[in-house]
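**Q** Dropping a structure here in structure tokens format, bear with me for questions.
The values are calculated or read from the model by the stated rules, or taken from the named source; none is laboratory data. On a predicted model such as this, the values are computed, not experimentally measured, just so you know. As a convention, Cβ positions derive from the backbone with ideal geometry for all residues, glycine included, and neighbour counts pool all protein chains shown. Just so you know, the surface numbers come from the protein's heavy atoms only, side chains and all, with ligands and any DNA or RNA stripped out. Shrake-Rupley method; radii C 1.70, N 1.55, O 1.52, S 1.80 Å.
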Amino acid sequence: GERTVADGDATVLRDFQFNAHCRLGKSLDAPFTTSVDSSAHTAAIAFPGFDPSRTIKAPEGATHFVLRSTAAVIDFREEKFHTTTCRSAMLPLASPPLPALRLEHALGEAVSGPVFLALGIKFWQEINGVVKPALDRTCNAMAIVDVGDPGNRPARVERQAEGEVGELSVFLPL
């Protein structure tokens, strides 16, 4: 009865929060969809246009934010991995509604295994024309928002705008 990560269910890591002090849904309540397509070796997070003043809860003093996405393909048997990271531009918190935004990853074919897609938000503050990380970093949050099916079936996860914060619905095509 030897248990291994490679034989386990990687999807249990969906909604894993990297900051114990702040869940992603506490700082970022904008709706988004994710797509992980293992056969096409791609992953993405897409936001429709959103209003930061209504969907982002920033720490006191913050003036800007950056959305960051990381995709990791991990082969637990061979102990190999491949990661990519992308981020939005630095966006002002006090802005009119933002247009649609897409964070895309090309995963490469060198590693096979489950695809973990994480989303995070980091806050910045501008003081006297100089932008620095926000002093209160407890609201910087990151979570695994999707885990791609290693069986090469595309998966799409949609976070609903209404309902409980952080609620995820999974759609797997047949």
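**Q** Within the P(r) computed for the range 3-54, what percentage of the Cα pairs occupies the region above 12 Å? Write out the running numbers ahead of the final one.
**A** On the way: 1022 of 1326 pairs.
Counting pairs separated by more than 12 Å, the tail of P(r) holds 77 percent.
**Q** Net charge near Glu78: determine it from the other residues with C-beta under 15 Å of the C-beta of Glu78, scoring Lys and Arg +1 and Asp and Glu -1.
**A** Working: positive: Arg77, Lys80; negative: Asp7, Asp75, Glu79, Glu109.
After counting each charged neighbour, the total is -2.
**Q** Same structure, new question: Of the accessible area of the range 1-47, with the probe set at 1.4 angstrom, what percent is carbon plus sulfur? Walk me through the numbers before you get to the answer.
**A** Numbers: 1370 of 2610 Å².
So the carbon and sulfur contribution to the accessible surface is 52 percent.
**Q** What is the P(r) of the range 1-143, as percent of Cα-Cα pairs per 10 Å bin from 0?
**A** Going from the shortest bin to the longest, the percentages are 11, 37, 31, 16, 5, 1, 0.
**Q** If you don't mind, there's one more thing I want to ask. Which whole-Hz couplings ³J(HN,Hα) result when phi for each residue of the range 70-83 is put into the Karplus expression 6.51 cos²θ - 1.76 cosθ + 1.60, θ = phi - 60°, listed in order with x for Gly and Pro?
**A** 10, 10, 9, 9, 10, 9, 5, 5, 8, 6, 10, 8, 9, 10
**Q** Projected area of the range 57-129, taken from the Cα convex hull and averaged over every viewing direction, in nm²?
**A** On the way: hull surface 26.9 nm².
Seen from a random direction, the Cα hull of the range 57-129 projects 6.7 nm² on average.
**Q** Can I ask one more? With a cap of 14 neighbouring Cβ atoms within 10 Å, and only residues DSSP puts in a loop, list the chymotrypsin sites (Phe, Trp or Tyr not before Pro) found in the range 1-93.
**A** Numbers: sites: Phe16, Phe18, Phe32, Phe50, Phe65, Phe76, Phe81; in loops: Phe16, Phe18, Phe76.
Sites meeting the loop and neighbour criteria: Phe16, Phe18.
**Q** Further question on the same structure: Would you mind working out the accessible area per residue for the range 26-116, using a 1.4 Å probe, and quoting it in Å²? The partial results should precede the final answer.
**A** On the way: 4640 Å² over 91 residues.
Per-residue accessible area for the range 26-116 comes out at 51 Å².
**Q** Another question, then. In the range 82-155, which GluC sites (Glu not before Pro) are in a loop and have at most 12 other Cβ atoms within 10 Å, using DSSP for the loop call? Don't jump to the answer; show the numbers that get you there.
**A** Details: sites: Glu104, Glu109, Glu126; in loops: Glu109.
Those that pass, being in a loop and sparsely packed, are Glu109.
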